[in-house]
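Have a look at the structure below before the remarks.
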Amino acid sequence: MKKVYVLLFAVCAAFAFSACTRSEKDAHKTISDPRQAAEELLKITHMDVLLDKTMDQVLGMQIQQNPELVPYKSVMEKFFRKYMSYESLKPEIIKIYSDNLSVQELNYTIAFYKTSTGQRILEVLPQITQQSMQLGIAKVQGHISELQQEIEKTRLSLMPKQK
């Protein structure tokens, strides 16, 4: 179950970032509707491609770290493609962006991602995200015994005292 949560976390993290290109001719276009601006941002960043890449990377990492999952790889891929696909999540992703960013912020973000710097960030962001996730996982795994001890200590303190 923990493995599924890590995969879901990674996919959600991908929403915060995104990946790829768009032409410079419409770089200064301003969109007044927040939902349309959010959808344009998803298009510019090729969220559909990023989401697929992220799911593949995270699933690959999980299988590498947990070889016992190898027989279930195709089942897991099918499940996540069904429920975590861009098309199935797109309306909610648009709502998340339009609820949390103003139209002006969305337009500025769109304009930024149309620049060469924005494109470069999008190009390297999947690697940065993967390396950051690996770092986080390694840190937690390196200190998991501390967490287990604290959980056990808390569990014992919550038990009724015997007389």
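The values are calculated or read from the model by the stated rules, or taken from the named source; none is laboratory data. Every value quoted in this text rests on a predicted model; they were computed, and no experiment measured them. So basically every Cβ, Gly included, is an ideal-geometry build from the backbone, and we count neighbours across all protein chains shown.
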* Across region 59-105, which residue is farthest from Asp33 (Cα to Cα) among those that are without any contact (Cβ under 8 Å) to a residue 12 or more places away in the chain and basic (Lys, Arg)? -> Lys78
* To do: Kindly indicate the residue of region 21-49 that is modelled with pLDDT of 90 or more and of a type in the set (Lys, Arg) and also farthest from Lys82 (Cα to Cα) among those meeting that condition.
  => Arg35
* **region 111-163, residues that are outside any helix (DSSP H, G or I) and either touching a helix residue (DSSP H, G or I) at 6+ places or on another chain (Cβ under 6 Å) or loosely packed, with under 12 Cβ neighbours inside 10 Å (or both)** => His143, Met159, Pro160, Lys161, Gln162, Lys163
* Structure fact -> Scanning region 106-132 for residues that are over 20 Å from the mean Cα position of the chain (by Cα) and under 15 Å from Glu39 (Cβ atoms) gives Asn107
* Structure fact -> Those residues of region 54-78 that are more than 18 Å from Leu125 (Cβ to Cβ), out of contact with any Asp or Glu (no Cβ under 7 Å at 6 or more places or on another chain) and in a helix (DSSP H, G or I) come to a total of 16
* So which residues in region 63-89 are modelled with pLDDT of 90 or more and exposed (fewer than 12 other Cβ atoms within 10 Å of the Cβ), if there are any at all? -> Pro67, Glu68, Val70, Pro71, Ser74, Val75, Lys78
* For region 42-59, does any single residue satisfy the condition of being more than 30 Å from Val140 (Cα to Cα) and surrounded by fewer than 16 Cβ atoms within 10 Å (Cβ to Cβ)? -> yes
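Taking the options Tyr108, Tyr113, name whichever one is over 24 Å from Asp52 (Cα atoms) and at pLDDT 90 or above.
Working: Tyr113 fails: over 24 Å from Asp52 (Cα atoms).
Criteria check complete, one pass: Tyr108.
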